[in-house]
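Take a look at the structure below.
Bear in mind these aren't lab numbers, they're just calculated from the coordinates by the rules spelled out. Everything numeric in this text was worked out from a predicted model, so none of it was measured. Please note: Cβ atoms are built from the backbone with ideal geometry, for glycine as well, and neighbour counts cover all protein chains shown.
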Amino acid sequence: MSKKVAEGKIVQHTEIAADVYRMVIENKEVAASASCGQFVNLYPRAKHTLLPRPISICEIGEETITLVYGVVGEGTKEFASYKVGETIRISTAVGTGFKPQNTKCAVLVGGGIGVPPLVELAKQLTCEKVAVIGFRDEPFLKEELEKAGAKVYIATDSGKAGFKGNVIELIKEEGIEGDYFYSCGPKVMLKALADYCMAKNVPVQVSLEERMGCGYGACVGCVCKVKESTESGYEHKKVCKDGPVFLGSEVIWND
Amino acid sequence: MSKKVAEGKIVQHTEIAADVYRMVIENKEVAASASCGQFVNLYPRAKHTLLPRPISICEIGEETITLVYGVVGEGTKEFASYKVGETIRISTAVGTGFKPQNTKCAVLVGGGIGVPPLVELAKQLTCEKVAVIGFRDEPFLKEELEKAGAKVYIATDSGKAGFKGNVIELIKEEGIEGDYFYSCGPKVMLKALADYCMAKNVPVQVSLEERMGCGYGACVGCVCKVKESTESGYEHKKVCKDGPVFLGSEVIWND
Amino acid sequence: MIDLSVNLAGVILSNPITTASGTFSGHDSGEFYNLNELGAMITKGVANIPWEGNNTPRIAETYGGMLNSVGLQNPGIDYFIKHELPYLKAFDTKVIVNVAGRSIEDYCEVAEKLSETDVDMLEINISCPNVKKGGIGFGTHSEMAAKVTKEVRKVSKKPIIIKLTPNVTDITEIAKAVEAEGADAVSLINTLLGMKIDVHKRRPVLANKMGGFSGPAIKPVAVRMVYQVRRAINLPIIGLGGIMTGEDVVEFIMAGADAVSVGTAAFANPTAPVDIKNELIAYMERYNFKTLQEIREAFID
Amino acid sequence: MIDLSVNLAGVILSNPITTASGTFSGHDSGEFYNLNELGAMITKGVANIPWEGNNTPRIAETYGGMLNSVGLQNPGIDYFIKHELPYLKAFDTKVIVNVAGRSIEDYCEVAEKLSETDVDMLEINISCPNVKKGGIGFGTHSEMAAKVTKEVRKVSKKPIIIKLTPNVTDITEIAKAVEAEGADAVSLINTLLGMKIDVHKRRPVLANKMGGFSGPAIKPVAVRMVYQVRRAINLPIIGLGGIMTGEDVVEFIMAGADAVSVGTAAFANPTAPVDIKNELIAYMERYNFKTLQEIREAFID
Ligand SMILES: Cc1cc2nc3c(=O)[nH]c(=O)nc-3n(C[C@H](O)[C@H](O)[C@H](O)COP(=O)(O)OP(=O)(O)OC[C@H]3O[C@@H](n4cnc5c(N)ncnc54)[C@H](O)[C@@H]3O)c2cc1C
Ligand SMILES: Cc1cc2nc3c(=O)[nH]c(=O)nc-3n(C[C@H](O)[C@H](O)[C@H](O)COP(=O)(O)OP(=O)(O)OC[C@H]3O[C@@H](n4cnc5c(N)ncnc54)[C@H](O)[C@@H]3O)c2cc1C
Ligand SMILES: Cc1cc2nc3c(=O)[nH]c(=O)nc-3n(C[C@H](O)[C@H](O)[C@H](O)COP(=O)(O)O)c2cc1C
Ligand SMILES: Cc1cc2nc3c(=O)[nH]c(=O)nc-3n(C[C@H](O)[C@H](O)[C@H](O)COP(=O)(O)O)c2cc1C
Ligand code: FES
Ligand code: FES
């Protein structure tokens, strides 16, 4: 019985980009449970929305954790309406996060709402680090990554800020190199990056997203295909428990 | 298109007895639409509770109406949480209310959460009037009825206030007489009163309660049996439209 | 310009929004919105003679839905034609009359009488769970469903829509049976059969114990059945069951519906049919859809 | 003193709360509450050989409910007996293993292997809508349901619970068929068959298109079916479908259930089974009920 759903107190809540919110939640147990690359489940109060919303941990404090989330549907819309001082139903940390490797130079690659978990990772990596982050239009978390000691490169689809194009193109364009990659973002981006790293023969840890039922390992709803010496050549692993972070080289992407 | 669902502004909201609330709602159109004995539909915001909650109009002001409601389930619990200044989804007035008859002496008989509509009725009756109101334990709206010029008798089941017993017993005990009765309350009380009035040969208008689907006449969910010269001897009439007020003598009670 | 029109077995609706039978009254719904906004009005079920319906309580609320056991209370076809139809026909929208019956003869009698009026279509309810005789029995067996369709088809001069019940093992089987006997369209779904017990009063909430279960809670079943039926028959489909928003309408259209009905939503919000129509238009504008057919074709199966 | 115990075909549960198959994992649910609080643990479906399950997305949220198309992913009975069962048996509660199969032989093989272990009961899932071969087909036809029951009954040394699907015209017919062939108990309901379409992505949300529909939205159907089955057969019934609160448990008991399972509720709240048990106790205290039987008898039908 090491896990629980608690009431966290919202101590900061601000819109940091269009429909993207940064929420700082105070709860000792939650903060103590957290490690980088894990996520928490947020539970909407509206009774017609039953399922937990998984949100990556962006930063871990003494008694707080910071989340950065985009408003996409009913649950995140509800969360966005919460005021400082209110409480939010939040689980202690779940999942298997990043395993920070202090190599020579780490490259952190994030896409949109996948950028948040890279902040805590950057804080924990003591080696040289570069962050390459892509957005549709409007960047966020640049300062936080810089504060964590990363050199930050930005790409946007619209070209409104930084490089016009995607992160892979930017990496190639700038000739960014590293001996270990970490990434979180849309599946297409992760797959492209995994292919890129495979070709370069550099390891990459990727954080995956999948629709979840329970969010804690009970329902087998959230699986991904991981290479395994079974008959089919793969095994279904739980993103919420075995992941969300996997080695890029072990994930089977095409389905 | 004379009806609508509007946003009413809550200008007063107080607990006047245990789990009984008085809410004053400001909305010109709603106030202008209301007449005594009608009700409004209140719409919960929680999406898992779909149906309107019918609540009788207790008092009608220039730009406000007053409701008095008991907290019994999910909808009324939600309403009770609303703060002054918030809005509430409310329909304009619906139904066919009391028809005030200025006879010599009107007797207004109310039970529990059926007392509220008698207040506006008392205000509109210019004749002599007596109110006999019964509660389980804790009376409310006594002052309002007195202010409207009624002599008020109180009964409680527990005997905590006024007469110990029910309103019919109290009427008999006190020898309360009148040439026209009006009533709202639990079905057993209404039936007993209708029988009593029938025996005395005095008319009585009764306000009925029934589970509602639409609350505005479309679904035929909320019927009661009213005597009619049909084959079965009755017709199903809509409580939300033909009522909630009917003549006691025309209602068929036993089902 | 967006074209919302629908061709339903030869009857042209100006838009796909109709009112689910039993959740609409011309007089009373018309107090809240302009009825001309509707693609069609579908009436409460009408039988050959007046029906009293069931005892109360007839309504229960459930989590995201509701139960009803109205039991097809209606004033009978003669009264309907004389007193209610003229009012409805005064509006600039189509009139579809929902037909109830306890026997094939009942259905035929109503269909014959309506054939002599200016109603636009008939919707034959072979699926109401709230009447003991007939009703549900017809809708749950292919042979019976086929038989009703065949007989009503013979006597009706109006296009007939057969309304299907979801309380079956395989709805496509029933759909195929009524298509084979000449149905002009199908509508689905009617209510699921449900029950609620009041644990404080220790008895069923409905006087009738069980009732018809409707509202947004049931939408996944309705969408699935429309999807299945669309792939089993070629008739036009009116899709319904839990539609609350314009996007819900799109969901039904993508699943294969030609038109839709809005039912329980009109209890939670009396102007729902019009609000939903406006949300549908907003969706189409956002994605630049010009017709309902384009929505249907955009679906990646 | 309140006595919550339940006799389920000779197996005594300390209380009526069990975990719905597929929504519980000993290791992972046990992180949130003490498993000894449960009346029984019902496991995820286990087949004779490992199954990979379906592609993702496997989960969709609906209004007051959810869809899943996990497709009975499981590591196979040998792995289960060796690696998972010992962990479960260490707790002071009963173990009921849910059995999946694509053929009667599959079911029998698993039942035979489990007969040699110390599990307490088997729950035979003849009703999962998420597997193409078998599964749903067995549960929707009385003859097939009877046949599975008969063959499994022959080889099983443990009491067998047959889990029924709600996706049928008449559930009492299936219940009677499995009773006649020696089922020791029945559990109902499994999931309804549902579908959801993403109108922005323009495709079904689930990779498998359709999925099993569960959660509070479906409760009225589940209560109705338990009520019907209770009046059709004499076997013990495990009732489930949408239970979220202690009062929901009471509703199922009044409808006729002997025990209940909590499923989707444990996604909305990981400690749901224990919270619900405590709410049940609070209800019993409030009304001074001493046993579940008293609740059942208090129901006014
Ligand atoms: C491990 C993990 C970490 C994540 N971290 C973040 C983060 O840090 N910041 C952030 O903004 N978003 C993050 N997401 C995505 C986030 O979970 C969804 O955006 C959110 O659940 C949407 O909820 P909603 O109610 O607003 O949307 P709705 O569309 O109303 O949700 C309906 C259902 O779909 C699920 N769902 C919808 N979108 C997604 C999605 N992309 N991934 C998984 N489930 C989804 C919801 O959880 C819910 O069950 C993460 C997802 C996963 C799996
Ligand atoms: C014409 C009319 C006038 C009324 N006036 C008043 C009033 O002035 N003050 C007051 O406190 N109450 C009044 N009631 C009763 C009031 O409508 C219910 O107490 C209220 O709907 C309960 O809602 P809930 O969500 O709290 O309860 P829940 O039990 O959660 O409600 C579930 C469903 O049952 C319905 N319901 C529950 N109890 C009743 C009931 N007694 N009558 C009708 N429907 C019910 C609800 O509307 C809802 O659809 C009136 C009822 C009617 C029909
Ligand atoms: C109160 C009520 C009465 C109904 N009466 C009828 C009816 O007379 N005939 C019919 O075919 N369907 C009837 N129905 C079923 C609806 O037309 C519709 O099929 C069902 O409610 C599902 O749609 P919804 O979820 O949008 O309400 C009724 C439904 C309700 C809620
Ligand atoms: C994710 C998920 C997986 C399930 N897997 C199984 C299973 O393996 N075997 C089974 O018999 N039922 C399975 N079910 C059905 C549940 O046991 C239960 O019958 C259904 O969900 C209704 O109960 P609920 O509304 O409380 O969830 C599953 C349900 C869910 C939501
Ligand atoms: S979400 Fe349930 S196992 Fe991962
Ligand atoms: S509540 Fe619908 S007609 Fe009265």
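Observations on the model:
- Counting only Cα atoms, the size of the protein assembly as shown along its three principal axes is 100, 72, 62 Å, in decreasing order.
- Relative contact order (%) - criterion: Cα under 8 Å, at least six apart; region: region B:210-255: 34
- Förster radius 22 Å - calculated FRET efficiency between D:K82 and A:L247 (Cβ-Cβ, nearest 0.05): 0.20
- Considering only D:A60, D:A183, D:A40, the mean-square fluctuation computed in a Gaussian network model of chain D, springs between alpha carbons under 10 angstrom, is largest for D:A60.
- When every Cα-Cα distance of region A:5-91 is counted in 5 angstrom steps from zero, the calculated P(r) takes the values 3, 16, 28, 29, 17, 6, 1 percent.
- Of all aspartates and glutamates in the structure, the ones whose alpha carbon falls short of 19 Å from that of B:K104, not counting any fewer than 8 places away in one chain, are B:E120, B:E128, B:E146, B:E174, B:E177, B:D179.
- Choice from D:A177, D:A111, D:A282 showing the highest fluctuation, given a GNM over chain D with Cα pairs closer than 10 Å: D:A282
- Per-residue mean of C-beta atoms belonging to partner chains within 10 Å, peptide C:294-301: 3
- Simple Cβ-charge dipole of region D:117-257, Lys/Arg +1 and Asp/Glu -1, about Cα centre, in debye nearest 20: 660
- Positive dipole terminus of the protein assembly as shown, leading residue within D:N288, A:I133, B:I113 (C-beta point charges): D:N288
- Dipole axis of region B:5-91 (+1 Lys, Arg; -1 Asp, Glu on Cβ), positive-most option in B:P54, B:P44, B:T14: B:P44
- Counting only lysines at least 8 places from D:K158 when in the same chain, those with an alpha carbon closer than 19 Å to its own are D:K44, D:K82, D:K89, D:K94, D:K113, D:K147, D:K150.
- Peptides A:85-96, A:222-233 ordered by average Cβ neighbours within 10 Å, highest first: A:85-96, A:222-233
- Peptide D:239-245 shows a mean partner chain C-beta count of 1 within 10 Å per residue C-beta.
- Most positive-pole-ward Cα, C:H141, C:S156, C:T169, against dipole of region C:133-174 from beta carbon charges: C:S156
- Exercise: per-residue mean of other protein chain Cβ atoms within 10 Å, A:232-243: 2
- Dipole check for region C:194-288: with +1 at the C-beta of Lys and Arg, -1 at the C-beta of Asp and Glu, and the Cα centre as origin, the magnitude is about 660 Debye.
- Each of C:H83, C:H141, A:H236 was scored by other Cβ atoms within 10 Å of its Cβ. Listed from fewest to most, they are C:H83, C:H141, A:H236.
- Computed [θ] at 222 nm, deg cm²/dmol, chain D (DSSP H ≥ 4; -39,500 (n - 2.57); rounded to nearest 500): -9500 deg cm²/dmol
- Extending 7 Å from Cα along the Cβ direction at D:H27 and again at C:K290 yields two label points whose distance is 5.7 nm.
- In region A:210-255, Rg over Rh equals 0.97, where Rg is the alpha-carbon radius of gyration and Rh the Kirkwood radius from pairwise Cα distances.
- Helical runs assigned H by DSSP (4 residues or longer) give chain B a calculated mean residue ellipticity at 222 nm of -5500 deg cm²/dmol, each run adding -39500 (n - 2.57) before division by the residue total.
- Structure note, pairs D:K219/D:K290; A:K241/C:K196; B:K99/B:K187: Cα-Cα distances above 30 angstrom occur for A:K241/C:K196.
- Tensor-based shape of chain B (alpha-carbon gyration tensor, a/c under 1.5 rounded, otherwise prolate or oblate): oblate
- Dipole in debye (nearest 20) - region A:5-91, about Cα centre, beta carbon charges: Lys, Arg +1; Asp, Glu -1: 260
- Percentage relative contact order, chain C, counting C-alpha pairs under 8 Å, at least six apart: 19
- The mean sequence distance of close C-alpha pairs (under 8 Å, at least 6 residues apart), as a share of the length of region B:1-131, puts its relative contact order at 30 percent.
- Rounded FRET efficiency, nearest 0.05, which uses the C-beta distance separating D:N36 from C:V155 and R0 of 56 Å: 0.25
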